[in-house]
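Values in this text are rule-based calculations from the coordinates and carry no lab data. Keep in mind that what you see is a predicted model, and the values were worked out from it rather than measured. Neighbour counts are summed over all protein chains in view; Cβ atoms, including those assigned to glycine, are modelled from backbone coordinates with ideal geometry.
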Amino acid sequence: MSDPTPLDLQAILDDIYRDLTPRLGEGKVADYIPQLARVNPRRFGMAVVTVDGAVHMVGDAEVPFSIQSISKVFTLTLALGKHGENIWKRVGREPSGSAFNSIVQLEHEHGIPRNPFINAGAIAITDLVLAGHTPKEAIGEIVRFMRYLADEDDILIDNEVARSEAATGYRNFALANFMRSFGKLDHPVEHVLGVYFHQCALAMSCRQLAKAGLFLAASGKVPLSGHSVVSRQRARRINALMLTCGHYDGSGEFAYKVGLPGKSGVGGGILVAAPGKASVAVWSPGLNHNGNSLLGSLALEMLANRTGWSVFGA
Ligand code: GLN
């Protein structure tokens, strides 16, 4: 049964923004990375890019922010491109049910992280992206990939954020050293984390991020150019991982309320793919207790309700 009424996406975004405006500033801005604590908590932006190329935006959708763990989707894509299914020898595909930076599970599982989206798993993936490269080359490859996907040349890394994170990344050093002790990292910890902190410090706007993620909503292709980024099967599988693992121990709740594959970051961003429909990015820096954007999650729930885009049915 086809729906004859086209969605007025701009009106939906305007309504979401209006409804959430009284709540701007709710949640807790991440402060364990000192540079992130400086962000204005009342920022809010949202961008929807449909598979036919239409862009709809509201609020601060063109203001760059720190994409943090959303970068893990793109390094996973790069690692799969380089190593194929071999990456699954180094990292699992199961939801973790624990915090994004948990150490306990890693010891139980002998240095094989549960999935590529918790910090330990993403660090293992970055180690794979580093294969055959210096850290500088690997960082360059990641930035070029983002620019290519977003089709914008002015995407940059915020070096202040990268430095701030390197200076205070005690837990990430612990996770990486732990994996290295199990023989599960090929490169020196300083190199792997150097790349990891820089990928997390990519600064992108909601519009740029939604454009970069569009291939996940479009069966692996950049719809307008027709270029293939990954195969249809691979896009489907990355989406499955985002749905089950993209929000750490809040993944079940996000699937329940939004019903779309998504990946959050502690900068307050969330990237979502609505397969066959659109790519969506939202940014609101205040986080909930799982480290996912509080109002960003709510905005996506409102969007999913209004559009009927949930992968579990309208
Ligand atoms: N760079 C952050 C960290 O490693 C990423 C975490 C996140 O966005 N959840 O702690």
Read phi for every residue in the stretch 151-159 and hand back ³J(HN,Hα) as whole Hz from Karplus 6.51 cos²θ - 1.76 cosθ + 1.60, θ = phi - 60°, with x for Gly and Pro.
-> 6, 9, 8, 9, 7, 10, 9, 7, 5
When the convex hull of the C-alpha atoms of the stretch 1-160 is computed, what volume per residue in Å³ does it have?
-> 189
For the stretch 12-29 and the stretch 218-295, write down the distance between their C-alpha centroids in whole Å.
-> 20
Counting only residues 5 or more apart in sequence or on a different chain, those whose built amide H sits under 5 Å from that of ALA278 are VAL51
Fewest-first ranking of VAL104, VAL311, using other Cβ atoms within 10 Å as the exposure measure = VAL104, VAL311
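What area, in nm² and to one decimal, does the C-alpha convex hull of the stretch 270-314 cast on average over all directions?
3.2
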5 angstrom amide H check on VAL229, placed H, neighbours 5+ away | LYS221, VAL222
Which residues' amide hydrogens lie under 5 Å from the amide hydrogen of SER98, considering only partners 5 or more residues apart or on another chain, with H built in the peptide plane?
-> ASP249
Summarise the long-distance tail of P(r) for the chain by giving the % of C-alpha pairs beyond 26 Å.
-> 40
Rh (Kirkwood, all Cα-Cα pairs) for the stretch 1-81, Å, reads 15.6
Over the chain: helical MRE at 222 nm, DSSP H runs n ≥ 4 each giving -39500 (n - 2.57), nearest 500 | -13000 deg cm²/dmol
Can you tell me how much longer the chain between ASP151 and GLU85 gets when fully stretched, taken as 0.36 nm per residue apart minus their C-alpha distance, in nm with one decimal?
-> 21.0 nm
The chain: relative contact order as a whole-number percent, Cα under 8 Å and 6+ apart | 26
Using 7 Å Cα-to-Cβ label points, what is the GLU62/ARG163 separation (nm, one decimal)?
-> 3.0
Suppose R0 equals 30 Å; then what is the FRET efficiency for ARG306 and ASN40 from their Cβ-Cβ distance, rounded to the nearest 0.05?
-> 0.65
The equivalent-ellipsoid semi-axes of the stretch 72-129, taken as the square roots of five times the Cα gyration tensor eigenvalues and listed largest first in whole Å, are 19, 11, 9
Could you give the nm distance between label points at SER228 and HIS133, where each point is 7 Å from its Cα heading toward the beta carbon?
-> 2.3
Can you work out the FRET efficiency for the pair GLU94 and ARG144, with r the C-beta to C-beta distance and R0 = 35 Å, to the nearest 0.05?
-> 0.65
Distance in Å, no decimals, from the C-alpha centre of the stretch 40-65 to the one of the stretch 95-135 is 30
Rough spin-label spacing in nm, given labels placed 7 Å along Cα→Cβ, for ALA11 and ALA54 | 1.2
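Mind pulling the per residue volume of the convex hull built on the Cα atoms of the stretch 162-314? Å³ is fine.
Numbers: hull volume 20.9 nm³, N = 153.
Considering the Cα atoms of the stretch 162-314, their hull volume per residue is 137 Å³.
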